Amino acid sequence: MASQCRWGILGAANIARKNWKAIRLAENATLTAVASREPARAKEWIDANQAECPFPTAPAAVTYDELLKSPDVDAVYIPLPTGVRREWVVKAARAGKHVLCEKPCGPDAGELRAMLNACQANNVQFMDGVMFMHGKRLPLLRRTIDDGETVGQLRRIATQFTFAAGDDFLKNNIRVSTALEPLGALGDLGWYNLRFSLFVMKYQMPAKVSGRLLTEHQGVPLEFSGELFWDGGVSAAFYCSFNTELQQWAHVSGTKGSIAVQDFVLPYYGCEAAFVADRPVFNVQGTRYHWESHPKRFAVTEYSDGAPDAQETNMVRTFSGLVLGGTPDPTWGEIALKTQVVMDTCLASARQGGATLACPSV
């Protein structure tokens with residue numbers, strides 16, 4: 001069995017620079033090719049990254065079709081715009097290439113199902129590029145939520161992922177393009193909000209959802225809020241925006257306490273990924289009304305980014321292991337589809353004035 005998964009990058013997007021380094025740091029991966037519609041642009045992009053984080057042999061600069069035909073590529077990372085992604089995911093799968101797909105995976109669940117069907121038919125792995133799913137903090141968070149004491153019976157999840165984009169972004173960035181990124185902030189940021197809530201709920205689909213399109217630009221969501229409702233009384237709120245300053249927090253509440261994660265998407269810079277649990281006490285004695293905090297910090301040793309144990313490196317490592325093992329894991333595609341279906345239903349609700357809609361099962 002080969003010891004390294006040979007990667008190609010289909011499209012020289014900015015986020016791909018991070019995964020360039022992740023591929024370099026993962027011991028079971030290497031990068032053999034980078035594609036652009038203009039190979040000269042791919043060569044320029046390769047040279048810039050090679051100068052900072054070099055591979056022993058520089059990846060080849062090729063066209064999209066040349067990359068998919070290459071016998072030296074096992075897997076492709078596809079950061080192409082959402083509006084054109086289906087075509088290239090399907091082509092990659094038919095070429096026998098395993099697919100790591102940026103999020104949101106598609107403009108809607110129908111397009112994602114077509115991608116997943118192509119991957120299944122050609123026995124290739126599909127995974128979306130949600131890096132926090134691969135950090136060491138998530139298993140610790142799972143154990144803490146499930147211990148029965150820290151949170152108790154789960155009742156409420158709340159998340160926010162926002163950044164203030166500025167006027168130039170709103171004029172020129174593809175994330176506000178109807179054709180290229182029709183889901184705007186909901187797809188770019190809200191995907192993480194929804195994924196976190198689904199993770200907390202062990203990927204049980206909500207029974208109902210509602211959404212509010214707070215701000216839009218030519219039909220593209222710039223600011224969105226939503227509510228998810230599960231059978232049994234658990235609910236979740238989320239807010240994502242290109243208009244509000246950078247925040248990426250999550251809060252999980254129950255009958256005994258709560259957990260706060262201030263950096264659930266990208267851990268704060270440093271060598272630990274952490275969260276804080278609290279079980280406050282309201283201590284009333286006569287005229288004394290003391291509101292007491294009793295926090296407990298949980299942490300794992302893990303660098304935030306650009307390191308061998310960072311979450312994006314673990315993502316590449318996990319994906320490469322699945323490729324080298326020869327047995328694709330359909331769970332990753334199923335999780336992506338659930339995220340897309342919940343997002344689609346929230347958007348449909350918003351287009352109907354915030355009506356509460358039943359969420360389809362997957």
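Key figures for this structure:
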| quantity | calculated |
| --- | --- |
| In the range 206-243, residue surrounded by the most Cβ atoms within 10 Å (Cβ to Cβ) [restricted to those that are assigned to a strand (DSSP E or B), of a type in the set (G, A, S) and touching a residue at least 40 places away in the same chain (Cβ under 8 Å)] | G211 |
| Helices (runs of 4 or more DSSP H) wholly inside the range 101-205 containing at least 1 residues that are under 30 Å from P308 (Cα atoms) and of a type in the set (D, E) | 137-146, 184-188 |
| Subset of the range 25-43 [closer than 20 Å to P308 by Cβ and surrounded by fewer than 22 Cβ atoms within 10 Å (Cβ to Cβ)] | L25, E27, N28, T30 |
| Hey, A61 touching a Pro at 6+ places or on another chain (Cβ under 9 Å) and small (G, A, S) or not | yes |
| Residue check, T150 within 21 Å of L266 (Cα to Cα) and hydroxyl-bearing (S, T, Y) | no |
| Yes/no for D108 being surrounded by fewer than 16 Cβ atoms within 10 Å (Cβ to Cβ) and under 30 Å from D231 (Cα atoms) | no |
| Unique residue being hydrophobic (A, V, I, L, M, F, W, C), in contact with a strand residue (DSSP E or B) (Cβ under 6 Å, 6 or more places away or on another chain) and either assigned to a helix (DSSP H, G or I) or surrounded by fewer than 21 Cβ atoms within 10 Å (Cβ to Cβ) (or both) when the list is A22, A92, A58, A51 | A92 |
| Failed condition for H294, given (1) more than 28 Å from R175 (Cα to Cα); (2) surrounded by 15 or more Cβ atoms within 10 Å (Cβ to Cβ) | (2) |
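Values in this text are rule-based calculations from the coordinates and carry no lab data. Owing to the predicted nature of the structure, the values given are computational and were not obtained by experimental measurement. All Cβ positions, even for glycine, are placed from backbone atoms using ideal geometry, and neighbour counts span all protein chains on display.
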